[in-house]
Amino acid sequence: MWLTMVMLERNGSVQESVEQLLAGTKDRLTEAGVVDLLQDLAQDVWAMCVNRYEPDELGDTHMSLGIQAVENFKSRAQRRYLGDDREAPEKHWDVQGLTLETPRNVLTLLMPGLRLMAMKTPMAEGRSPRLDLLADWGDQSHARNQIALENTQAMGGWLAPARGQDELFKVGSAPLAVPNYLLLWSGDPDGPLTAGRLAVPVMGEQPFAAVTDLWWDVANVDAPSYDRSSRIDGPGFDERPVTKPALSLKPSVAGEEQA
């Protein structure tokens, strides 16, 4: 405790110390190649989800698209991590010290001293979501609520103040490390462009102690498209013939024909 309080006096506020740790974690993920892998995955997943989004024909909604994107992101991350043949060999992940888990069905990347959970931001807000209004962790999944609580405990009980307010009485202690981070990935509702951010979830009046950008797709970059010719399990839904119901007539009995 004495050491963390000394750090607080030297580095200023708890939030400033967290921002320094966040910057270091971003550098670590970038140097390991994890950021590039996640950006490439997000681009592939979002392009396919947007291409098959059909609100008029099939009744798709923002909610259904969001659920589809989250599930695809998780399952394809697992495939790439495991070297599954359903993902191109050049897409496979090979990062020393990286492991992948799905506790409580939440995609989680683990490196020594670091846990990174994935979270898709609301589609309606595009690639510039209101992060201060993104989540009340008590109403979110148990996994996300737990990592926010652990981060707050690592900061000596520090709670994020309301937006625009200073920390009250410098309560808390600057952490030696932040154990948990969130990958916040977003997609453009009108196209395949994506964005990624790295955030430190905490308890308090705001969901995050600090947030930094990881990537922002630019419009002149060729975005991946959904190539149905690459499928190995048959034609896509819109390529299949309309199924005709198999009907048989019940044999008539005497008198029914004239009934």
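The values are calculated or read from the model by the stated rules, or taken from the named source; none is laboratory data. Nothing here was measured: the structure is a model prediction, and the numbers come from that model. Because the Cβ atoms are built from the backbone with ideal geometry, glycine has one as well, and the counts that use them run over all protein chains shown. Calculation scope for accessible area: heavy atoms of the full protein, side chains included, ligands and nucleic acids excluded. Shrake-Rupley method; radii C 1.70, N 1.55, O 1.52, S 1.80 Å.
Consider region 33-49. How many of its residues are of a type outside the set (A, V, I, L, M, F, W, C) and either open to solvent by less than 10 Å² (accessible area, probe 1.4 Å) or over 16 Å from the mean Cα position of the chain (by Cα) (or both)?
The qualifying residues number 1.
Filtering region 101-121 down to residues that are surrounded by fewer than 16 Cβ atoms within 10 Å (Cβ to Cβ) and of a type outside the set (Val, Ile, Thr), which residue is farthest from His142 (Cα to Cα)?
By that ranking, first place goes to Pro112.
Consider Thr30 carefully, then state whether it is open to solvent by 50 Å² or more (accessible area, probe 1.4 Å) and modelled with pLDDT of 95 or more. Steps first, please.
Details: open to solvent by 50 Å² or more (accessible area, probe 1.4 Å): yes; modelled with pLDDT of 95 or more: yes.
For Thr30, the condition - open to solvent by 50 Å² or more (accessible area, probe 1.4 Å) and modelled with pLDDT of 95 or more - is met.
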